[in-house]
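Enquirer: Shown below is the structure under consideration.
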Amino acid sequence: MTTLDASIAERLKDAAGPGGWSDEPNQIAPHLAEWRGRWKGTTPLLLQPAATGNVARILSICHETATPIVPQGGNTGLVGGQIPTNGEVLLSLARMNRIRVISTEDNTLLAEAGVVLANVQKAADEAGRLFPLSLAAEGSCTIGGNVSTNAGGVNVLRYGMTRDLVLGLEIVLPDGHVLDSLRGLRKDNTGYDLKQLFIGAEGTLGVVTAVMVKLFPKPAGYSTVLTALADVGNAVELLNRLQAATGGLVTAFELMQRRALDLVVKHIPGAVNPLASHQGWTVLIEVSNPSAFDATEALEQALAQAMEEGAVVDAVFAKTARDRDALWRLRESIPEAQRQDGASIANDISVPLSQIPEFIRSADESVRRVLPEARPFTFGHVGDGNLHFAVQAPGHDAALIAARGAIERTVQEETERLRGSISAEHGLGLAKNEAIALYKSAEAIALMRALKRTLDPNNILNPGKLLPPGRG
């Protein structure tokens, strides 16, 4: 457990500036509670600087005194990467919440790290543009946290992960120096693309203080449909069929097992499953239409053909904006409904699209061998191979938690067997930093350690996270 010297604490408070720190337990407590309740934090000091210069002075002091520090955005991470579990100083970017510049000519937006994702989306919308990153926590997660975890969400199929949306970063390095790559260029072929080192690095290599992102034309409208599949094995073929029919305009393709929808209807007031008679798999599909082309008819015709062939058994189209919101509420409420229903073990994996049915089958069987009472269910982003494989055991919560390690290992082993990844979009944090050593090559781990030692030789930034325990 880290102990903070009183003189160092005073220097850090001064560096954070007026109103930029707290050592009051009641003010610090909300920053120490992880959403799923798996990790509990502890810190003697919360720093909340309002400017990049303050962050630079803070890290300079931490580097000089070898004081460990944990950066935090909106505290919505699901793998414990944002929690100071060993008494480290906590650095919140929440006060750095200005949108500095929006350019509709360059189609760029420059936001400080503490801007809430929903506010980035709103600012883009008010400027007549779209910022497509969208996930369930968008009302509280921050753009800096999204960058640090390389957040995914529901629109990856059309627009890519966070790293595909970032044109530049402002980063404070562990020694306090500031790296500015905010030119916003689409092309810059002058050596290593350094910003990519920090995207998905979970705050272990530097602190992101500002982000330059791409903006896109706003869709003229959306075609949204909830579809009942005859079998989960039809999902990928249906996606490819719809992409061909719409010219690649499918934005979201969200797979949901019946039990996931049942939990939403059970726990989320007002939620209704319009395909309640269907006991199998459903897919929420959305096409975003440009002004020059409405893909609704093409989508309808392709689904009609799939129904004739028996791949699809039913479909419900959103006729109004309210209908669209109701369908999306079913998908986006699954994590909250899962949390309310009792103990669960979440697995965030990715596999090649062609292996999705095999993963679901084999992982389900493997988990039940570990714990016969287990009831796995799957939901996620079929278009990019990212599945959330959740495991519950109604009436057997204690047994489920006791078996957590064995269940996570068997899911990871099935993922590796199919040449997938044990973390698709949530990151490693504390949850998978030990496991990654089993599934990433020794050469890759060694290179990651070398980067960490080079940029952060005193190991002050988010120590113990992302990298496997050991040297460096």
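The values are calculated or read from the model by the stated rules, or taken from the named source; none is laboratory data. Quick caveat: nothing in here was measured; it's all calculated off a predicted structure. Cβ atoms come from the backbone with ideal geometry, glycine included; neighbour counts cover every protein chain shown.
Enquirer: Please enumerate the residues belonging to segment 242-258 that are surrounded by fewer than 18 Cβ atoms within 10 Å (Cβ to Cβ) and within 16 Å of L327 (Cα to Cα).
Expert: The one that is surrounded by fewer than 18 Cβ atoms within 10 Å (Cβ to Cβ) and within 16 Å of L327 (Cα to Cα): R258.
Enquirer: Test of understanding: among D384, D364, which residue is acidic (D, E) and touching a Pro at 6+ places or on another chain (Cβ under 9 Å)?
Expert: D364
Enquirer: Which count do you get for residues in segment 97-121 that are touching a residue at least 60 places away in the same chain (Cβ under 8 Å) and in contact with a Phe, Trp or Tyr (Cβ under 8 Å, 6 or more places away or on another chain)?
Expert: Count: 3.
Enquirer: Okay, moving on. With respect to the numbered conditions (1) over 23 Å from the mean Cα position of the chain (by Cα); (2) surrounded by 16 or more Cβ atoms within 10 Å (Cβ to Cβ), which one is the sole condition not fulfilled by A210?
Expert: Checking A210 against (1) over 23 Å from the mean Cα position of the chain (by Cα); (2) surrounded by 16 or more Cβ atoms within 10 Å (Cβ to Cβ), the one that fails is (1).
Enquirer: Would you confirm whether any residue within segment 4-17 is out of contact with any helix residue (DSSP H, G or I) (no Cβ under 9 Å at 6 or more places or on another chain), buried (at least 20 other Cβ atoms within 10 Å of the Cβ) and either within 14 Å of P463 (Cβ to Cβ) or in contact (Cβ under 8 Å) with a residue 40 or more places away in the chain (or both)?
Expert: no
Enquirer: Which residues, taken from segment 26-44, are surrounded by 11 or more Cβ atoms within 10 Å (Cβ to Cβ) and in a helix (DSSP H, G or I)? Write out each step before concluding.
Expert: So the first thing to find is which residues in segment 26-44 are surrounded by 11 or more Cβ atoms within 10 Å (Cβ to Cβ), and the list is 27-29, 31-36, 38-44.
Once the filter is applied, which keeps residues that are surrounded by 11 or more Cβ atoms within 10 Å (Cβ to Cβ) and in a helix (DSSP H, G or I), segment 26-44 yields Q27, I28, A29, H31.
Enquirer: Right, next: Please identify the pairs in which a residue from segment 450-472 that is loosely packed, with under 13 Cβ neighbours inside 10 Å has its Cβ atom under 7 Å from the Cβ atom of a residue that is among the acidic types (D, E), counting only partners at least 6 apart or on another chain.
Expert: Here the result reads P469/E434, each pair linking segment 450-472 to a residue that is among the acidic types (D, E).
Enquirer: Identify all residues within segment 277-318 that are assigned to a loop (DSSP other than H, G, I, E, B) and either exposed (fewer than 15 other Cβ atoms within 10 Å of the Cβ) or of a type outside the set (A, V, I, L, M, F, W, C) (or both); write none if there are none.
Expert: Result: S277, H278, Q279, G280, P290, S291, A292, F293, D294, E309, G310.
Enquirer: Moving to a separate point now. Answer yes or no: is there a residue in segment 419-426 that is at pLDDT 95 or above and out of contact with any strand residue (DSSP E or B) (no Cβ under 7 Å at 6 or more places or on another chain).
Expert: Scanning segment 419-426, I find at least one residue that is at pLDDT 95 or above and out of contact with any strand residue (DSSP E or B) (no Cβ under 7 Å at 6 or more places or on another chain), so the answer is yes.
Enquirer: Determine, yes or no, whether I401 is within 30 Å of T65 (Cβ to Cβ) and either in contact with a Phe, Trp or Tyr (Cβ under 8 Å, 6 or more places away or on another chain) or outside the structural domain of T162 (by TED's automatic domain parsing) (or both). Give the steps one after another, and end with the answer.
Expert: Details: within 30 Å of T65 (Cβ to Cβ): no; either in contact with a Phe, Trp or Tyr (Cβ under 8 Å, 6 or more places away or on another chain) or outside the structural domain of T162 (by TED's automatic domain parsing) (or both): yes.
Answer is no for this residue.
Quick grid of which residues meet (1) under 18 Å from A431 (Cα atoms); (2) in contact with a Lys or Arg (Cβ under 6 Å, 6 or more places away or on another chain); (3) not polar (S, T, N, Q):
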| residue | (1), (2), (3) |
| --- | --- |
| L12 | no, no, yes |
| A29 | no, no, yes |
| G37 | yes, no, yes |
| K40 | yes, no, yes |
| G53 | no, no, yes |
| T65 | no, no, no |
| Q82 | yes, no, no |
| L93 | no, no, yes |
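Enquirer: Can you name the residue in segment 122-131 that is of a type in the set (G, A, S) and touching a residue at least 60 places away in the same chain (Cβ under 8 Å) and, of all such residues, is surrounded by the most Cβ atoms within 10 Å (Cβ to Cβ)?
Expert: Start the filter on segment 122-131 by keeping residues that are of a type in the set (G, A, S), which leaves 123-124, 127-128.
Filter once more, keeping what is touching a residue at least 60 places away in the same chain (Cβ under 8 Å): 124, 127-128.
Working: A124: 24, A127: 17, G128: 11.
Top of the filtered list is A124.
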